[in-house]
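Before any comments, here is the structure.
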Amino acid sequence: MITLKGDNRQLTYNAKFSYLTDNYASGVTSLVVVNGSAFANNDYVLLGEFGSETSEIRQVSNVATHTLTVDATQFSHSQDTKVTILKYNQIRFYHTVTATFSASSPIAGYMDLDPASFYTKIYDTTNTTGYGWFVFYNSTTAKATTASNAIPYAGFEESSVKEIFDTFFSLLNNKELKLIDNQDAFKWLNEAYAIAKNELNLVNQLYNVPAEWSLVTESGTAEYDLPDDFSDLVSVSDYEGRDVDFIELKDVNHYNEYGNSSQEKYFIRSTKIGITPIPTEALTYSVYYKSKATELTSYYDSIDLPDNNFYPLVDHMMYRASQKLGRQNPMQHETAFTNGLNRMKVTSVKQHANTDTWTIDKKANI
């Protein structure tokens with residue numbers, strides 16, 4: 001039996017809210033809030049926070065200045081209880097054989113959100129393989145969100161964003177979980193991943209090198225856009241396989257004027273790569289470069305670092321979270337992160353089996 005769950009908390013991010021002005025018993029249908037300007041008829045509202053056993057979702061039938069007329073409440077609520085507008089009040093889960101969403105195979109009908117939990121869950125007792133999905137739904141307007149990321153029934157890889165997030169959130173207590181959302185987690189994980197990739201690029205010339213990139217010149221054009229994921233250049237060779245040498249930017253104009261047209265050189269300027277002397281025909285150059293970290297946007301994305309060195313990324317996330325939460329000594333987490341990066345650089349400095357050698361360069365003057 002597979003358990004699928006949708007994170008309710010993402011519905012409250014950037015949502016408009018207010019607070020109750022008084023204490024209310026259960027069974028009331030009229031609530032006064034501090035500011036009712038954002039509320040409208042037929043809105044769904046969350047009384048309290050997701051994850052509290054007395055939280056509940058009610059629909060607004062009328063708004064009169066600061067007074068909300070709602071379905072009769074199930075629980076009592078104290079003054080200053082948060083009242084958040086929800087765009088959706090239900091959820092529906094789906095199953096597909098492949099990692100491509102299809103609305104033709106729902107597991108069950110639309111379910112009311114569970115306000116007493118961070119997640120609304122369902123148990124799939126039929127399927128054991130494939131992928132799960134969910135969409136949030138407004139039962140009044142009949143509008144739904146786009147499908148979630150694919151949820152593999154075989155489980156997420158240890159290096160996946162989902163597993164990293166689970167580890168990170170498990171280090172926070174219930175009160176702190178209300179202050180940290182997925183957007184924070186994605187931001188901090190992407191930052192940690194970028195730092196790790198940049199550190200790895202300093203010591204390993206091969207790991208982050210994508211497939212060969214072909215630079216095709218045009219007559220009269222000196223500079224060309226580098227790929228979006230470009231970090232550092234590894235090599236440039238011409239159509240005959242000969243290495244193309246680098247030239248300092250300050251020397252380009254002189255080389256354009258007086259350089260050897262049969263011995264092209266390349267230069268780097270910001271996000272551009274240039275060829276000098278300025279090309280007079282279409283030529284193809286083979287370029288290898290080290291790539292920077294790709295942006296992580298999905299639970300399904302995987303962290304690509306050698307020798308399982310994705311574990312220390314959680315330490316940087318905790319460092320950022322500790323700053324936001326006001327925890328004491330956040331630097332202990334950053335120190336652990338730095339130590340993890342140093343171990344990665346030692347263990348991943350090279351992957352090939354060749355013995356290191358030092359020889360005189362062929363171009364050296366002796």
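Summing Cβ point charges (Lys, Arg +1; Asp, Glu -1) relative to the Cα centre of the range 1-155 gives a dipole of roughly 400 debye.
Modelled spin-label separation between N35 and A99, with each label point placed 7 Å from Cα along the Cα-to-Cβ direction: 4.3 nm.
For the chain, the residue among S322, I360, A147 whose Cα projects farthest onto the positive side of the dipole built from Cβ charges is S322.
Listing S261, S105 from the residue with the fewest other Cβ atoms within 10 Å to the one with the most, what is the order?
Values: S261 10, S105 13.
By the 10 Å Cβ count, ascending: S261, S105.
Check each of the trypsin sites (Lys or Arg not before Pro) in the range 263-366 and keep only those in coil by DSSP with at most 15 other C-beta atoms within 10 angstrom; list them in order. Passing both the DSSP loop test and the Cβ count: R327, K350, K362, K363. Rounded to the nearest 20 debye, the dipole magnitude of the range 224-338 is 620 debye, with +1 charges on Lys and Arg beta carbons, -1 on Asp and Glu beta carbons, and the Cα centre as origin. Among the listed values [x] 25.7; [y] 20.1; [z] 27.3, the one matching mean projected area of the Cα convex hull in nm² as calculated from this structure is [z]. The angle between the Cα long axis of helix 182-203 and the longest principal axis of the Cα atoms of the chain comes to about 20 degrees, rounded to the nearest 10.
By count of other Cβ within 10 Å, fewest leading, how are M111, M331, M1, M344 ordered? Show your work: numbers first, answer last.
Numbers: M111 17, M331 12, M1 8, M344 23.
Least to most surrounded, the residues fall as M1, M331, M111, M344.
Of the residues Y255, Y224, V236, the one whose Cα sits farthest towards the positive end of the charge dipole of the range 213-284 is Y255 (charges of +1 on Lys and Arg Cβ, -1 on Asp and Glu Cβ, taken about the Cα centre). If you find the alpha carbon centre of the range 174-203 and of the range 43-114, how far apart are they in angstrom? Rounded to whole Å, the Cα centres lie 29 Å apart. The angle between the Cα long axis of helix 331-347 and the main principal axis of the chain comes to about 40°, on a 0 to 90 degree scale.
What FRET efficiency do you get for L325 and Q10 if R0 is 25 Å and r is their Cβ-Cβ distance, rounded to the nearest 0.05?
Working: r = 20 Å, r/R0 = 0.78.
The calculated FRET efficiency here is 0.80.
Once Lys and Arg get +1 and Asp and Glu get -1 on their Cβ, which of P115, T98, S55 lies farthest toward the positive end of the dipole of the range 1-155? Towards the positive end, the residue furthest out is T98. Counting only residues at least eight positions apart within a chain, or on another chain, the aspartates and glutamates with an alpha carbon under 13 Å from that of K345 are E199, D307.
Which GluC sites (Glu not before Pro) in the range 34-136 sit in a loop by DSSP (not H, G, I, E or B) and have at most 10 other Cβ atoms within 10 Å of their own Cβ? Can you show the working numbers first?
On the way: sites: E49, E53, E56; in loops: E49, E53.
Sites meeting the loop and neighbour criteria: E53.
Relative to the longest principal Cα axis of the chain, at what angle does helix 161-170 sit, 0 to 90 degrees, rounded to 10? The angle comes out at about 50 degrees. Ranking of T29, T129, T81 by neighbouring Cβ atoms within 10 Å, starting from the fewest: T129, T29, T81.
Taking Cα centre as origin and charging only the Cβ of basic (Lys, Arg, +1) and acidic (Asp, Glu, -1) residues, the dipole magnitude of the chain rounds to 960 debye.
When Lys and Arg each count +1 and Asp and Glu each count -1, what net charge do the other residues less than 11 Å away from T141, Cβ to Cβ, add up to? Walk me through the intermediate numbers first.
Details: positive: K87, K143; negative: D43.
Here the charged neighbours net out to +1.
Just subtract the alpha-carbon distance of L202 and Y288 from 0.36 nm times their residue separation and send over the number in nm, one decimal. Could the numbers behind the result be given before it?
Numbers: separation 86, 0.36 × 86 = 30.96 nm, distance 1.56 nm.
Gain in length upon complete extension: 29.4 nm.
What does the helix-only formula give at 222 nm for the chain: each DSSP H stretch with n ≥ 4 adding -39500 (n - 2.57), the total divided by the residues, and the result rounded to the nearest 500 deg cm²/dmol? One gets -6000 deg cm²/dmol as the mean residue ellipticity at 222 nm. When you restrict to C-alpha pairs under 8 Å that are six or more residues apart and normalise by the size of the chain, the relative contact order lands at 15 percent.
Quick note: the coordinates plus some simple rules give every number you see, no bench work behind them. These figures come from a predicted structure and were not determined experimentally. Quick reminder, even Gly has a Cβ in these numbers, built from the backbone with ideal geometry, and neighbours come from all protein chains shown.
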